[in-house]
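Readers should treat all values here as calculations from the given coordinates under stated rules, not as data from a laboratory. None of the values given here were measured: they were computed from a predicted structure. Backbone-built Cβ (ideal geometry, glycine too); neighbour counts: all protein chains shown.
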Amino acid sequence: MGRYAVGIDIGRTNLRAALVRSNGELVASIKEGTDALGGPQGVERQVARAFERLARGHDVRAVGVGIAGQCDTARGVVLHGPNLFWPDVPFRDRLSDVLGVPVVLRNDVVMATIGEWRHGAGRDCHDIVVLFSGTGIGGGAIVNGTLLEGASGCGGHFGHVSVQLDGPPCGCGRRGCVEAYASGTGLASRAKNDPSLPSSSLSLVGEIDGRAISRAVEEGDAMAVRLRDEAALALSSAIGSVINCLEPQRVVLGGSVMDMPGLYEMCAAGALEHCLPSHRRALIVRSALGEMAGAIGAASLALDPI
Ligand SMILES: [Zn+2]
């Protein structure tokens, strides 16, 4: 039979929920748009509906929730997040009351890190770095066989590694973070402000986002290809810096932006060029769990604490 948990991955754009067995097997899943405008109550209702659908007929012992933003692990609150920003809402405890089971709350890519480490591309490793690029860029790390948490559970935000001191503005208020170059939001903002936009096929697109840029790269659009190349360079530099700091065995790359044609391959080669010669044994690999990494990791942490 095994033990079951439900893992919920609340991204800025999509909410994914999964019923997961203790061996990491994905039994069933749900994906829908995140009701970010509904605030914590809206998302709470969404999570409750997903839980009810997935848990029906199974002995679900716990729920893990990963959320885009910075979480205070001890208090169970979401401190900062572009769309999901509820610093005074005891989100974890409220969810636990509504669902009637214990809830663990962490950053979404921290949950993906746990998923990849226990059941995916980082299995059998004691030192891994995980970086996912989607709407934003998140990160996480396993160091010496345990999760890198930092003083309050906010460690691992590799998306805000600066790669250019006077670079484009980032959502965090600083300039030149890798997220400003290589996240879906960063790429879209750069495309919209690019002087070459009028001669790009993207000028004909209603809403420029990461997916539209990806399609334009596939069609060989010169501006989109240049933005992809700059994103690859920024990612390579940031990943190289993280490798220098943590010396991981593996670096796991994932997220929807990584599916952009050529981007992963350029990062895999470029990151090792940007790190110290002594650190080049690190293996760069693609996420094995894909878009369900966060939900699987969240369920796994709920069942088996680190
Ligand atoms: Zn930043």
Problem set entry | Cut-off 11 Å between beta-carbons: net charge of the residues surrounding residue 131, Lys and Arg +1, Asp and Glu -1 | -2
Seminar exercise, completed: Burial-style ranking of 5-18, 218-231, average other-beta-carbon count within 10 Å with highest first, yields 5-18, 218-231
Seminar exercise, completed: Of the candidates 293, 206, 95, the farthest towards the positive dipole end of the chain (Lys/Arg Cβ +1, Asp/Glu Cβ -1, centred on the Cα centre) is 95
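To the nearest 20 debye, what charge dipole does the range 125-287 have about its Cα centre, counting +1 at the Cβ of each Lys and Arg and -1 at the Cβ of each Asp and Glu?
Here the size comes out at about 160 debye.
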Exercise. Calculated FRET efficiency, residue 172 and residue 265, Cβ-Cβ r, R0 22 Å, to nearest 0.05?
Worked result: 0.20
Exercise. Dipole size in debye (nearest 20) for the chain around its Cα centre, Lys and Arg Cβ +1, Asp and Glu Cβ -1?
Worked result: 420
For this session: Quick one: compute the contact order of the chain, relative version, from alpha carbon pairs under 8 angstrom and 6+ residues apart, as a percent.
Result: 22
For this session: Give the shape of the range 219-304 as rounded, prolate or oblate, defined through the alpha-carbon gyration tensor: a ≥ b ≥ c are the square roots of its eigenvalues, a/c under 1.5 means rounded, and otherwise the shape is prolate if a/b is larger than b/c and oblate if not.
Result: oblate
Problem set entry | Dipole magnitude of the range 1-62, debye to nearest 20 (Cβ charges: Lys/Arg +1, Asp/Glu -1, about Cα centre) | 80
Exercise. With a ≥ b ≥ c the root eigenvalues of the C-alpha gyration tensor of the chain, is it rounded (a/c under 1.5), prolate (a/b larger than b/c) or oblate?
Worked result: prolate
Exercise. Can you give the helix-only mean residue ellipticity at 222 nm for the chain, where every DSSP H stretch with n ≥ 4 adds -39500 (n - 2.57) and the sum goes over all residues, rounded to the nearest 500 deg cm²/dmol?
Worked result: -11000 deg cm²/dmol
Seminar exercise, completed: Computed over the range 122-278, the relative contact order (Cα-Cα under 8 Å, seq sep at least six) in percent reads 26
Exercise. Quick one: 31, 192, fewest Cβ neighbours within 10 Å first, how do they rank?
Worked result: 192, 31
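How much FRET efficiency would the formula 1/(1 + (r/R0)^6) give for residue 151 and residue 215, where r is the Cβ-Cβ distance and R0 is 41 Å, rounded to 0.05? Present the calculation step by step, with values, prior to reporting the outcome.
On the way: r = 42 Å, r/R0 = 1.02.
Calculated transfer efficiency: 0.45.
Around residue 205, under 11 Å between beta carbons, what's the net of Lys plus Arg minus Asp minus Glu among the other residues?
0
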For this session: Using 0.36 nm per residue of separation minus the Cα-Cα distance, give me the extension gain between residue 75 and residue 226 in nm, one decimal.
Result: 50.0 nm
